[in-house]
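Everything on this sheet refers to the single structure shown next.
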Amino acid sequence: MKISLNLASRPFTDLTDVYKRLRIAMGVLALAAIALGVLLHFVLQHDQRAYLRAHSIDESLGSLAAERQGYETLMQQPANARVLDETDALNELFDQKAFSWTLVMKDLETVLPDPVQVTEIEPARTKDGQVILHLRVVGPREENIRLVENMEHSNRFLRPRIVGESPESNNGSGARLQTVSANSVEDLDLLTDYNLMQTVSDAPAAGPAKASPAKPLVGGAK
């Protein structure tokens with residue numbers, strides 16, 4: 001009996017290269033898994049250390065808060081509260097004594113135009129130690145503006161700002177309002193930060209207009 005085979009119906013396939021590539025891919029995946037496992041281990045350790053550090057900081061903050069609460073309770077006692085009030089009063093007195101009126105007057109002479117007169121000076125000290133001057137001046141509108149410009153170019157008077165202005169009137173409340181012009185005499189309220197750290201010998205920077213070097217100041221000071 002004669003049997004014929006058709007080899008074309010089941011062609012021979014060499015799978016050696018395929019298996020080799022699969023083994024290489026599996027090895028790469030295994031190495032990647034090991035690397036990811038090591039990385040995850042270090043990340044978890046880092047997170048654990050961060051958690052312990054945060055927990056330690058929370059405990060320290062809680063201890064400080066409890067200590068602060070204890071001090072506040074202690075200071076609220078009548079005897080200690082009286083001492084605290086006296087300390088605040090003394091600190092305020094020291095601040096007032098440290099303020100130099102002579103220095104302020106000398107600095108104002110360098111920025112004050114001739115026609116402008118200072119009628120009131122009221123210093124105030126903020127909680128952070130900054131000194132703010134409340135000035136009330138009288139003079140022509142144009143010269144008042146020049147005063148503000150001179151302050152802006154000064155090393156002593158910082159951030160000058162106008163908080164109020166009104167025309168000067170000596171005829172009472174029934175006086176007829178006058179037209180505002182450059183020569184109109186006005187009352188001007190100014191607020192400016194005063195730089196105590198600047199040395200007396202430092203002259204202010206040159207401004208757009210020169211002020212009188214020896215202008216007498218008139219009016220009162222609080």
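Readers should treat all values here as calculations from the given coordinates under stated rules, not as data from a laboratory. The shown structure was predicted, so the numbers you read here are calculated from the model rather than taken from an experiment. All Cβ positions, glycine included, derive from the backbone under ideal geometry; neighbour counts span all protein chains shown.
Rounded, prolate or oblate: which fits the range 15-76, taking a ≥ b ≥ c as square roots of the Cα gyration tensor eigenvalues, rounded meaning a/c under 1.5, else prolate when a/b beats b/c?
In terms of gyration-tensor shape, prolate.
Within a Cβ distance under 15 Å of His41, other residues only, what is the Lys/Arg minus Asp/Glu net charge? Walk me through the numbers on the way to the answer.
Working: positive: Arg49; negative: Asp47.
Taking every Cβ under 15 Å from that of His41, the sum is 0.
Considering only the other residues whose Cβ falls under 9 Å of the Cβ of Leu188, what net charge follows from Lys and Arg at +1 and Asp and Glu at -1? Working shown, then result.
Details: positive: Arg136, Arg141; negative: Glu165, Glu186, Asp187, Asp189.
After counting each charged neighbour, the total is -2.
Let me know the Kirkwood hydrodynamic radius for the range 59-151, please, with Cα pairs as the basis and the value in Å to one decimal.
17.2 Å is the Kirkwood radius here.
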